[in-house]
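The values are calculated or read from the model by the stated rules, or taken from the named source; none is laboratory data. Just so we're clear, the structure is a prediction, and the values are computed from it rather than from any experiment. Using ideal geometry, Cβ is built from the backbone for each residue, glycine included, and neighbour counts are taken over all protein chains shown. Note: areas computed on protein heavy atoms with side chains; ligands, DNA, RNA excluded. Shrake-Rupley method; radii C 1.70, N 1.55, O 1.52, S 1.80 Å.
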Amino acid sequence: MSITERAGRRRRRGEQPMVPKAEFQSYYGRPVIKAPSWAAPDIAGYFFLGGLAGAGSVLAAGAQLTGRTTTATALKVSSLTAVSLSAAALVHDLGRPARFANMLRVFKPTSPMSMGSWLLSVYGPAAGAAAASAVTGRLPRLGGAATGAAAVLGPAVATYTGVLAADTAVPAWHGAHRELPYLFGASATAAAAGMALVTGPAHENTPARCAAGLAALADAAAEKAAERRLGMVAETWREGRAGTLLRAARVLTAAGALGAAAFGGRRAPAVASGLALLTGSACTRFGVFAAGMASAEDPKYTVVPQRERLDAEGGGGADTQVE
């Protein structure tokens, strides 16, 4: 019989361990894992801008199909601008443009970074062709095909960064690996709806107003679900810089959605509501980023949840002894 099995049998019989359970401490309080060497303005901005671009392409296709051409054109241009800035932020964080090109040398379906690089390389030209055709009025068939392609790829562009973050060992991200893509998708939808409210005419913004309300509800539900799953690690989502940003995101997103629903039929309130939604989405991305960095820097968020899982599984711990 193994040590673990004997320890588990003793616990079931109610026997007291001979060795007291050890308190957690790390070597000189240093982090157990190495935090990603990502700069907040670059990577959190990359998360936000990519989400805005991807969700914006979906709303642009919907606006095109329903005859809301002014809104469709504005969203196509904003998606192209956002994905261009997103790629620039990523390249800036990488240090050299050649490093992004090097990531395209490998096609690895199990790597979010590899798939994300390929996704951007395909989505970017599609978004560019859609925007160019809409602005110039030339090659409408090619523009329509590009609009459809960007809309098909848009959801993946909006959410894959959540998969990318969750694929790391950072506790506040990896622990919410199921919910993070949904949170990013909802946040991206709120941002795209906000952009439609800001740039489109009031008489065309009814779908954007509906999308804003649904996105706000989904955003709140995904964030709550993530905090429940994270357990004690959710402290990093509620405290410090991350807590401030995420609280601001909740207030701004809710206010933007409510303002759009109640007063979005008028131009000035629609713009104000759209700006609130855009700012709330940005705060969500920067807040989640800050929470991840905080959880990586404090060793307890790495070790304590692991020990709790082992204890729950009866997998041993410091109270085992050799017989």
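What to note about this one:
- The residues of the chain expose on average 49 square angstrom of accessible surface per residue, using a 1.4 Å probe on protein heavy atoms.
- The peptide list 213-221, 278-286, 44-52, put in order of mean Cβ contacts within 10 Å with the highest first, becomes 44-52, 278-286, 213-221.
- Once divided by 2.2 N^0.38 Å, the Cα radius of gyration of the range 87-212 becomes 1.21.
- Each of L90, G51, G137 was placed along the dipole of the chain (beta-carbon charges, centred on the mean Cα), and the one lying farthest toward the positive end is G137.
- Portion, in percent, of the accessible area of the chain that falls on carbon or sulfur, probe 1.4 Å: 63 percent
- Each residue of the range 244-258 was assigned a 3J(HN,Hα) from its phi angle through the Karplus curve 6.51 cos²θ - 1.76 cosθ + 1.60 (θ = phi - 60°); the sequence is 4, 5, 6, 5, 4, 4, 5, 5, 5, 5, 5, 5, x, 5, 5 Hz, with glycine and proline shown as x.
- Dipole of the chain, positive end: most advanced residue of G185, T236, V304 [Cβ charges, Cα centre]: G185
- Long-range HN-HN contacts of G200 with modeled amide H, under 5 Å: none
- Packing-based ranking of 178-189, 255-266 yields 178-189, 255-266, ordered from highest to lowest mean Cβ neighbour count within 10 Å.
- For the range 213-220, Karplus couplings with θ = phi - 60° (6.51, -1.76, 1.60), whole Hz, Gly/Pro x: x, 5, 5, 4, 5, 5, 4, 5
- Using just its DSSP H runs of length 4 or more, each adding -39500 (n - 2.57), the chain gives a mean residue ellipticity at 222 nm of -25500 deg cm²/dmol after division by all residues.
- Model label sites at V135 and L310, defined 7 Å from Cα along the beta-carbon direction, differ in position by 5.8 nm.
- Computed from backbone phi with θ = phi - 60° and the Karplus coefficients 6.51, -1.76 and 1.60, the 3J(HN,Hα) list for the range 36-52 is x, 8, 9, 8, 4, x, 6, 7, 5, x, 4, 4, 5, 5, x, x, 4 Hz; x is used for glycine and proline.
- Solution diffusion estimate, µm²/s, Stokes-Einstein, the chain, Kirkwood Rh from C-alpha pairs, 25 °C, viscosity 0.890 mPa s: 116 µm²/s
- Lys, Arg +1 and Asp, Glu -1 on Cβ, resulting dipole of the range 37-303 about Cα centre, debye, nearest 20: 500 debye
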